[in-house]
Amino acid sequence: MSNTPKTIFLVGRAGCGKGTQAALIRALLGEDRTLYFYTGQKFRELADGGHTYTTDMLKEKVLGLGLLAPRFLAIWAWADKFIRELKPDQHILLDGSPRIALEAEILMQALTFYNREHAIMLHIDIPASEAIRRLSKRGREDDVPDAIAKRLEVFEKEMKELRAFVLTHPQMELIEINGVGTVEEVFERIRPVIQ
């Protein structure tokens, strides 16, 4: 494996196994050498960390109704992580970001600032029916049928725009990963593209 720090974005429908695969990727790259960031967890921590107008809105609109967080919060979340924790020799692994073309554009500006010349976007792809099946079994508060359907609908629209942006950006590479199968089978599809 190359010593050059890698920049990897994991995207995919809710329920596609991003978090599970992120843990395996971190183990492969080295936990201590990987700056990992999961957008959803940051929002839950923010909501639990105090009582402000922003946290109230986050609890009500995002966590309570299962809606997507506004992009300014996602950008703030990973930008804050970069500013406070990123070291020059670390791999970057973002789980669930970027979600839209505008966020990807801002993220690439940040990576240019940090002298990162190449980013891989791994799209873990599962059919919508499989996402619904997995999410229905997961048991999280925001995994109710209406919220699941809305998230999947929004993801389809956003992914189409995001894919178009990535395919035209010279520093980004989009790699489609079949997300159907066992955890191990999916990881074996990912492993060769990140080593």
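The values are calculated or read from the model by the stated rules, or taken from the named source; none is laboratory data. Fair warning: this is a prediction, and the values are worked out from it, not measured in the lab. Ideal geometry is used to build each Cβ from the backbone, glycine not excepted, and the neighbour counts take in all protein chains shown.
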**Request:** Looking only at the range 53-64, decide whether some residue is more than 24 Å from L29 (Cβ to Cβ) and under 18 Å from the mean Cα position of the chain (by Cα).
**Result:** yes
**Item:** Selection from the range 172-188 of residues that are out of contact with any strand residue (DSSP E or B) (no Cβ under 6 Å at 6 or more places or on another chain) and either crowded, with 17+ Cβ neighbours inside 10 Å or not hydrophobic (A, V, I, L, M, F, W, C) (or both)
**Value:** N178, G181, T182, E184, E185, V186, F187, E188
**Fill in**
Among residues of the range 3-51 being hydrophobic (A, V, I, L, M, F, W, C) and closer than 15 Å to H123 by Cβ, the residue modelled with the lowest pLDDT is A14
**Prompt:** Here is a list of conditions, (1) surrounded by fewer than 14 Cβ atoms within 10 Å (Cβ to Cβ); (2) within 15 Å of the chain's Cα centre (by Cα); (3) not charged (D, E, K, R), and L152 meets all of them except one; can you say which number that is?
**Reply:** (1)
**Message:** Report every pair of residues separated by at least 6 positions or lying on different chains whose Cβ atoms are under 9 Å apart, first residue within the range 153-173 and within 14 Å of E105 (Cα to Cα), second among the hydroxyl-bearing types (S, T, Y) and part of a helix (DSSP H, G or I).
**Reply:** Q171/T112
**Request:** Give the residues of the range 1-43 that are of a type in the set (S, T, N, Q) and within 16 Å of K81 (Cβ to Cβ), sorted by residue number.
**Result:** T7, T34, T39, Q41
**Message:** If I go through the range 65-86 residue by residue, how many of them are more than 15 Å from the chain's Cα centre (by Cα), over 12 Å from Y36 (Cα atoms) and charged (D, E, K, R)?
**Reply:** 2
**Any chance E141 is of a type in the set (D, E), surrounded by fewer than 15 Cβ atoms within 10 Å (Cβ to Cβ), touching a residue at least 40 places away in the same chain (Cβ under 8 Å) and under 22 Å from I175 (Cβ atoms)** = no
**Request:** Give G40, G15, G50 a once-over and let me know the one that is buried (at least 17 other Cβ atoms within 10 Å of the Cβ), of a type outside the set (A, V, I, L, M) and at positive phi.
**Result:** G15
**Request:** Just give me the residues in the range 155-171 being exposed (fewer than 15 other Cβ atoms within 10 Å of the Cβ) and under 13 Å from R13 (Cα atoms), in sequence order.
**Result:** E156, K157, K160
**Request:** Look at the range 1-53 and say how many of its residues are closer than 20 Å to Q90 by Cα and among the small types (G, A, S).
**Result:** 6
**Prompt:** Of the residues K61, K81, K87, which is within 17 Å of R151 (Cα to Cα) and not hydrophobic (A, V, I, L, M, F, W, C)?
**Reply:** K61
